[in-house]
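Taking it in order: structure first as structure tokens, then the write-up.
What follows is calculated from the coordinates using simple rules that are stated; it is not laboratory data. Bear in mind the structure is a predicted one, so any value in this text is a computation, not a measurement. With ideal geometry, Cβ positions are generated from the backbone for all residues, glycine too; neighbour counts draw on all protein chains shown.
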Amino acid sequence: MKKILILNGPNLNLLGKREPEIYGSQGFEEYFESLKTAFSSEVQLSYFQSNSEGTIIDKIHEVGFSYDGIVLNAGAYTHTSVAIADAIAAIESPVIEVHISNVYKRESFRHKSYLAQNCKGVIAGLGLMGYELAVRNLLG
Ligand code: CA2
């Protein structure tokens, strides 16, 4: 069975609790359970969230040579982290960058991604559905 990791970065543990007008009202754990059920016959989905840059990098290294893909929402580290960009470049698994909000409709500092050039693709602004679309793409 194929294996895909969904990896969320800083503050995404607050989903559903704050700023519902930007990020929606559903918590990620609840959404992840429905995703896991929907894909249960096709892929082993796992989920990890961290607020720390180093922990996110460790997780990328841990799965990046054995998993069939990573769906990564690195949160604000997207716009700042050369270290996460380097980690993505160093692994073999394809990575799809996902953003819940349309970062291009927001502040200009959110328009820059250090990660995108090392990713298979980028999805932004489609809400939580972006994670499902990314998983579908990684399954081929
Ligand atoms: O749109 C996205 O998915 C973002 O990656 C979310 C990040 C933001 O820094 C990026 O520019 C775009 C922030 C995540 C914060 O999540 C919250 C969720 C609920 C309440 C407060 C923050």
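For the reader, a short list of remarks on this structure follows.
- Peptides ranked, highest mean first, by Cβ atoms within 10 Å: ranges 14-23, 96-105, 61-70: 96-105, 61-70, 14-23
- Listed peptides 115-121, 127-133 appear in the order 127-133, 115-121 once ranked by packing, highest mean of other Cβ atoms within 10 Å at the front.
- The Cα trace of the chain gives Rg and Dmax of 13.9, 41 Å, the first to one decimal, the second as a whole number.
- Rounded if a/c under 1.5, otherwise prolate or oblate - the stretch 66-140, Cα gyration tensor axes: oblate
- Distances between placed amide hydrogens fall under 5 Å for ALA124 paired with HIS99, all partners being 5 or more residues away or on another chain.
- Shape category assigned to the stretch 50-99 from the gyration tensor of Cα positions, a/c cut at 1.5: prolate
- Built amide H within the under 5 Å cut-off of GLN49, gap 5+: ASN8
- Extreme residue, positive dipole direction of the chain, given options TYR131, LEU7, PHE48 (C-beta unit charges): TYR131
- When the pairs LYS2/LYS120; LYS17/LYS112; LYS17/LYS120; LYS36/LYS105; LYS36/LYS59 are compared against a 22 Å limit on Cα-Cα distance, LYS17/LYS112; LYS17/LYS120; LYS36/LYS105 fall above it.
- Hydrodynamic analysis of the stretch 12-63 uses the Kirkwood radius over alpha carbon pairs. Inserted into Stokes-Einstein at 4 °C and 1.567 mPa s, it gives a translational diffusion coefficient of 102 µm²/s.
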